[in-house]
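Asks: Let me begin by handing over the structure; questions about it come next.
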Amino acid sequence: MASNPKQKTAIVVGAGVGGIATAARLASAGFSVTVLEKNTFTGGRCSLLTHEGYRFDQGPSLLLLPGLFAETFADLNTSLSAEGVELLKCDPNYNMWFGDGEKFELSSDTAVMKREIEKWEGKDGFERYLSWLAEAHRHYEISVREVLHKKLYEHLQSPQTKLSKASVCAASV
Ligand SMILES: Cc1cc2nc3c(=O)[nH]c(=O)nc-3n(C[C@H](O)[C@H](O)[C@H](O)COP(=O)(O)OP(=O)(O)OC[C@H]3O[C@@H](n4cnc5c(N)ncnc54)[C@H](O)[C@@H]3O)c2cc1C
């Protein structure tokens with residue numbers, strides 16, 4: 001509860017990364033924030049399982065949106081490095097193992113990716129991969145600009161959202 005009766009209050013449901021980032025931003029903006037979490041641990045899908053002394057990621061293994069993490073810390077007047085978080089590059093990034101023992105190695109080193117893709121997809125594969133990367137980059141830029149950096153009520157008022165709500169209603173009749 002807020003000790004100052006004039007202080008604005010907020011309740012955030014869920015202590016996954018989204019809820020925690022929202023709660024931290026609200027607290028930084030002066031709100032008294034209560035976070036409600038149904039589990040006995042925080043992190044949601046971004047938490048860990050432990051079994052017989054081993055730790056397993058529940059979800060993420062790749063840091064996909066480093067810019068947005070940096071933005072969140074900057075909004076809280078700090079940074080990842082100021083909080084003691086040092087990001088280390090893993091090489092290889094990721095190995096996919098097939099049942100027969102073969103593997104596909106994913107790397108941020110373009111020469112390694114070229115070698116791996118050509119092994120599975122032939123000579124033309126790398127060019128297709130580059131065009132897929134360019135398309136994925138366009139999708140990334142659009143989703144950051146049009147979704148992640150927009151407020152929820154802007155989405156609710158957008159003609160596209162109204163249209164998709166109308167289609168959902170029409171489809172459910
Ligand atoms: C297998 C897998 C692999 C993934 N890999 C990656 C990856 O490599 N890189 C990456 O960036 N992302 C990855 N993701 C996605 C990433 O994990 C999620 O996008 C992110 O963790 C979602 O965070 P969130 O806070 O939005 O939701 P969640 O983590 O789902 O948090 C929601 C929280 O709300 C709580 N909650 C729900 N309902 C209630 C209620 N009624 N009352 C109280 N509490 C409630 C839940 O218990 C949970 O703690 C992966 C996800 C999965 C499942």
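Asks: If a residue must be surrounded by 12 or more Cβ atoms within 10 Å (Cβ to Cβ), in a loop (DSSP other than H, G, I, E, B) and not small (Gly, Ala, Ser), how many such residues does segment 91-145 contain?
Replies: Residues that pass the stated criteria total 3.
Asks: A follow-up question, please. Just to be sure I understand the filter: pairs with C-beta atoms under 7 Å, separated by 6 or more residues or on different chains, first member in segment 31-47 and touching a residue at least 24 places away in the same chain (Cβ under 8 Å), second member within 6 Å of the ligand (Cβ to nearest atom) and assigned to a strand (DSSP E or B). Which pairs pass?
Replies: Cβ pairs passing all conditions: Leu36/Val13; Gly43/Gly16; Gly44/Gly16; Arg45/Gly16; Cys46/Gly16.
Asks: Residues that are β-branched (Val, Ile, Thr) and within 16 Å of the ligand (Cβ to nearest atom): does segment 102-121 have at least one? Lay out the reasoning, then the answer.
Replies: Of segment 102-121, the ones β-branched (Val, Ile, Thr) are 110, 112, 117.
From the residues that got through so far, the ones that are within 16 Å of the ligand (Cβ to nearest atom) too are none.
No, every residue in segment 102-121 fails to be β-branched (Val, Ile, Thr) and within 16 Å of the ligand (Cβ to nearest atom).
Asks: Next question. Answer yes or no: is there a residue in segment 68-77 that is of a type outside the set (A, V, I, L, M, F, W, C), modelled with pLDDT of 95 or more, away from the ligand (no atom under 15 Å from the Cβ) and in a loop (DSSP other than H, G, I, E, B).
Replies: yes
Asks: Read through the list (1) in a loop (DSSP other than H, G, I, E, B); (2) within 19 Å of the chain's Cα centre (by Cα), then give the number of the only condition that Ala82 fails.
Replies: In the conditions (1) in a loop (DSSP other than H, G, I, E, B); (2) within 19 Å of the chain's Cα centre (by Cα), Ala82 misses (2) alone.
Asks: Continuing with this model, one more query. Name the single residue that is surrounded by the most Cβ atoms within 10 Å (Cβ to Cβ) among those in segment 38-67 being near the ligand (Cβ under 7 Å from one of its atoms) and of a type in the set (A, V, I, L, M).
Replies: Filtering segment 38-67 for residues that are near the ligand (Cβ under 7 Å from one of its atoms) and of a type in the set (A, V, I, L, M), the one surrounded by the most Cβ atoms within 10 Å (Cβ to Cβ) comes out as Leu65.
Asks: Right, next: What are the residues in segment 1-37 that are assigned to a helix (DSSP H, G or I) and near the ligand (Cβ under 10 Å from one of its atoms), if any?
Replies: Looking only at segment 1-37, we keep the residues that are assigned to a helix (DSSP H, G or I), and these are 17-28.
Answer for segment 1-37, where residues must be assigned to a helix (DSSP H, G or I) and near the ligand (Cβ under 10 Å from one of its atoms): Val17, Gly18, Gly19, Ile20, Ala21, Thr22.
Asks: Select from segment 12-39 the residues that are over 22 Å from the mean Cα position of the chain (by Cα) and over 21 Å from Leu68 (Cβ atoms) and list them in ascending order.
Replies: Step one: filter segment 12-39 for residues over 22 Å from the mean Cα position of the chain (by Cα), giving 29-34.
Within segment 12-39, Gly30, Phe31, Ser32, Thr34 qualify.
Asks: Give the number of residues within segment 27-76 that are farther than 21 Å from Lys89 by Cα and small (Gly, Ala, Ser).
Replies: 9
The values are calculated or read from the model by the stated rules, or taken from the named source; none is laboratory data. Since we're looking at a predicted model, the values are computed, not measured. Heads up, the Cβs are rebuilt from the backbone with ideal geometry, glycines too, and the neighbour counts pull from every protein chain shown.
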